[in-house]
1. Could you please report the charge total around Trp202, scoring K, R as +1 and D, E as -1 over all other residues with beta-carbon less than 15 angstrom from its beta-carbon?
2. With each pseudo-label sitting 7 Å past Cα toward Cβ, what's the Thr210-Arg260 distance in nm, one decimal?
3. Test of understanding: extend the Cα→C-beta vector of Ser308 to 7 Å, then name every residue of segment 271-286 with backbone N under 20 Å from that spot.
4. If eta is 0.692 mPa s and T is 37 °C, what Stokes-Einstein diffusion coefficient results for segment 265-424, Kirkwood Rh from Cα pairs, in µm²/s?
5. Using a 1.4 Å probe over the heavy atoms of the protein chains, calculate the carbon and sulfur portion of the accessible area of segment 148-261 as a whole percent.
6. Report the gain in length on full extension from Asp357 to Ala391: 0.36 nm times residue separation, minus Cα-Cα distance, nm rounded to one decimal.
7. Among Met156, Met400, Met142, what's the order by accessible area (1.4 angstrom probe), most exposed first?
8. Which value, in Å², gives the accessible area per residue of segment 339-433 when a 1.4 Å probe is used on the protein heavy atoms?
Amino acid sequence: MEPLRDCAQLQLHFVDHLQWRYAVIRPLVLFADATAAHRAEETHLHPETVRRLTRRFQQQGMLGLLPDQTEMVPPLRGRFFEKMTWLSSFGILWEVRKPTTTRREAMFCPAGFDQWLTTIMQHLSHLSKPQATVLALWSFGMVLARSCALTAVSHMLAKGMKRKEQTVRQQLREWYYDTPRKRGPKRQALHVETCFAPLLGWVVSWWQGTQLALAIDATTLGERFVVLAVSVVYRGCAIPVAWVILPAGTKHAWRREWLRLLRRLHRAIPRAWTVIVLADRGLYAPWLFRRITRLGWHPFLRINTAGSFRPAGATCWRPFLSLVLRPGTSWRGTGIAFTRNQVPCTLLARWEEGYKDPWLILTDLAPEASDAGWYGLRAWIEQGFKITKRAGWQWHRTRMRDPDRAARLWLAVAVATLWLLSVGEVADETIPVSTLLDVTGMCPERPRTRRATRLRLVSVFRQGWVTLLVALLRHEPMPQGRFVPEPWPVVPPLEEEVPVPVRAMPKAA
């Protein structure tokens, strides 16, 4: 077996940091053809971290792998040792007495935090190191405190880092301040919109497959904020990747905001991917349909029942409701929607039993290449808003009044949500089939055997949260995140409604 391939099988599950660092650099010391970049890719570390450990080992030997400012004394017989580490490779017994690490390094789980900080710096490389560090503190503390409240996060981090709570609180608070409110000569404001494309690129880099569903929607926080968000829907939840927060009560069109958000994101997704953009009927607009198609994506926009449609080859307009006259019917075809502000498109009409109104969806996909059931993915963004507020990060309790500060806080919320959902997917895949409720027996006339039809007893968000906490408690390396989406829903066919030719009404003389 080749030496590098042999070292690639190394599992870095060490509790002792000295052994872990030695295992990282060992291939670089033993094999001349090994490189730091190659080893960093195998161990999921930053290349600079591997190079730094290698330089310290070459200069100081094993002492270079110990934390900075650590006092080393030879072992004494008959004396109590606070910590001993036996290195079998060198036959040396070291005693570490009275570590003099600074307060910044005295975190209760430094390995997990360093790994998470490295991940953030890799995917949000445009951020400065102080900005990435505080963003890592925010998201790390949010996971531990299960809250995005400043008091809860600062209290948790201060206890773990053995620092004054007011110091940690001020560090976290200045992160979302404007530049004039910050302290220090090198202060700079965080521009949130520059993070949208890298954030979506982060999701894409961990995504398994080439199909992606984006949902756009608006939510409110009482009478304080209105949030316009673009999210990646995933396994019953949503990851916000672009947003703008406006003061509530300000009446103006949102066209400029939506166009800017979509324009920020389109470069982060490869052109060969299939991307659908879902929106509820309250957000439909012809300009939104055209912008989505111009970006190379496929709109999936629901519209109101008031309006007319002219099928391809027909000479007259038909009301939307005439295409699906009763529940249990569906219709699909190409044509032109609306007599004013006409939009050439494909119309997917579907009226399920038990629903008051049918689904009327406009898309640019061919009728045979699209399914009205895909619109059901849009409901997942509602669960994403729920997790941001009461069911997850408790944002509904915030006391913020400034929309710009709230937008910066949402970056930490988005990063923490991305982290939990990417880790929760691993736990979700390990759930045996017997623990998932199969609802096919409730619908014998339309059986569904797909995994997406089974109810998930524990959300992916909570599974990720538990997985990370267990890894931190056991001092294990953080699990590597990934996104394995579920198949898009495919609804069973309903009775197809055959369009009946309708004569055009003669114009009045």
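1. Working: positive: Arg264, Arg267, Arg482; negative: Glu425.
Net charge in that neighbourhood comes out at +2.
2. 3.4
3. Counting only backbone N, you get 286.
4. Values: Rh = 18.0 Å.
Calculated translational D: 182 µm²/s.
5. Working: 2550 of 4980 Å².
On segment 148-261, the fraction of accessible area on carbon and sulfur atoms equals 51 percent.
6. On the way: separation 34, 0.36 × 34 = 12.24 nm, distance 2.96 nm.
Extra length from Asp357 to Ala391 when fully extended: 9.3 nm.
7. Ranked list, largest accessible area first: Met156, Met400, Met142.
8. Numbers: 4030 Å² over 95 residues.
Value for segment 339-433: 42 Å² per residue.
The values are calculated or read from the model by the stated rules, or taken from the named source; none is laboratory data. Since the structure is predicted, the reported quantities are computational estimates derived from the model, not experimental observations. Positions of Cβ are generated from backbone atoms using ideal geometry, with glycine treated the same way; all protein chains shown enter the neighbour counts. Note: areas computed on protein heavy atoms with side chains; ligands, DNA, RNA excluded. Shrake-Rupley method; radii C 1.70, N 1.55, O 1.52, S 1.80 Å.
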